[in-house]
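Data block below; observations after.
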Amino acid sequence: MGEFTGLLLLLSIGAIATILVLSAVIAHDAIHPSRHTAGYAVAHGLPTDPADKALPFEQWTLDLPGGAALPVWEITASGSGPTAVFVHGWGQSRIDMLAHVDPWLEKCARLVLYDRRGHGDASGSTARLGTNEHIDLRALLDRLGNGPYILVGHGSGAVVTIATAVDAGPDLAITAVAIYDLADDVHVSICDRLEARGLPTRPLTDLAMLWLRLIGIRQSDTVGAAKDLQCPLLMDRGPEAIPGENY
């Protein structure tokens, strides 16, 4: 009986260690998504930058405190309206958002696309899954200068746009927020992604959320926050609104 108890204890410890490791891997993957860079665009037959769509643009980098550097495309459009700023979802980049600028070209004076932390060609930080990323977007708007602005967000990028508009106050002219496929529940998004691959979810995902909380990733009440918006909110939940992983 003693040997059996020892074996059972050893197996239990091994099982617990395996669960902890797997949950840590899930958390790690959440903040280290695949990078949609120029190589990804070429492999998928997508434009690598606005020039491939015959759009005049400038490329520059938004340098943030802590060493994060976010690449930016600033496209000159033909309209006389506001500046539209596009915020991509998890696992995407400004390259993905290039496919959706056409309807805005005649409505806006300029279009701005950037890579969020941990995505595309951004450097100096891991993905934050929306947590405090409104600070980054606000820094981008401050750098851009003259508004007004329309914020266009997809997936968890929609979380960033709404948080930015709510936090902006009267000093920043945000005239509207347009969002596609809002994804503000990190846990649900992680579960959906694992299920799509035929992998187990809970309790691994619950532990993964604990790992994420340890590094400051927090759930956001975006629906509640949206009630405090002082500008129109445009929503499109269509499955073809913006293709990509809804996260």
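Ignoring trypsin sites (Lys or Arg not before Pro) that are buried or in helix or strand per DSSP, and keeping those with at most 11 other beta carbon atoms within 10 Å, what is the longest stretch of the chain between them?
1-196
Please list, ordered by chain and number, the residues whose modelled amide H lies under 5 Å from the amide H of ALA183; skip anything fewer than 5 residues away on the same chain.
GLY155, SER156, ALA158, VAL159
What percent do you get for the relative contact order of segment 81-230 when only Cα pairs under 8 Å and 6+ apart count?
On the way: 233 pairs, mean separation 34.3, N = 150.
Relative contact order for segment 81-230 comes out at 23 percent.
Where the eigenvalues come from the Cα gyration tensor of the chain, what are the semi-axes √(5λ) of the equivalent ellipsoid, largest first, in whole Å? Each step should come with its number before you reach the end.
Working: eigenvalues 287, 74, 50 Å².
The equivalent ellipsoid of the chain has semi-axes of 38, 19, 16 Å.
Which ³J(HN,Hα) values, rounded to whole Hz and listed in residue order, are derived for segment 221-226 from phi using the Karplus coefficients 6.51, -1.76 and 1.60 in 6.51 cos²θ - 1.76 cosθ + 1.60 with θ = phi - 60°, glycine and proline given as x?
8, 5, 4, x, 5, 4
Taking the DSSP beta bridges in the chain as the whole, what percent of them are antiparallel, to the nearest 5? The partial results should precede the final answer.
On the way: 13 of 33 bridges.
Rounded to the nearest five, the antiparallel share is 40 percent.
Using amide H atoms built in the peptide plane, which far-off residues or other-chain residues are under 5 Å from VAL87 H to H?
VAL152, GLY153, HIS154
Short version: ³J(HN,Hα) in whole Hz for each residue of segment 53-69, in order, from phi by Karplus 6.51 cos²θ - 1.76 cosθ + 1.60 (θ = phi - 60°), x for Gly and Pro, what are they?
Couplings: 10, 6, 10, x, 7, 10, 10, 8, 10, 8, 8, 10, x, x, x, 5, 10 Hz.
Laboratory data are not the source of any read-out in this text; all were calculated from the coordinates shown. All figures in this text were calculated on a predicted structure; none of them were measured in a lab. In this analysis, Cβ positions are derived from the backbone assuming ideal geometry, glycine residues included, and neighbour counts consider all displayed protein chains.
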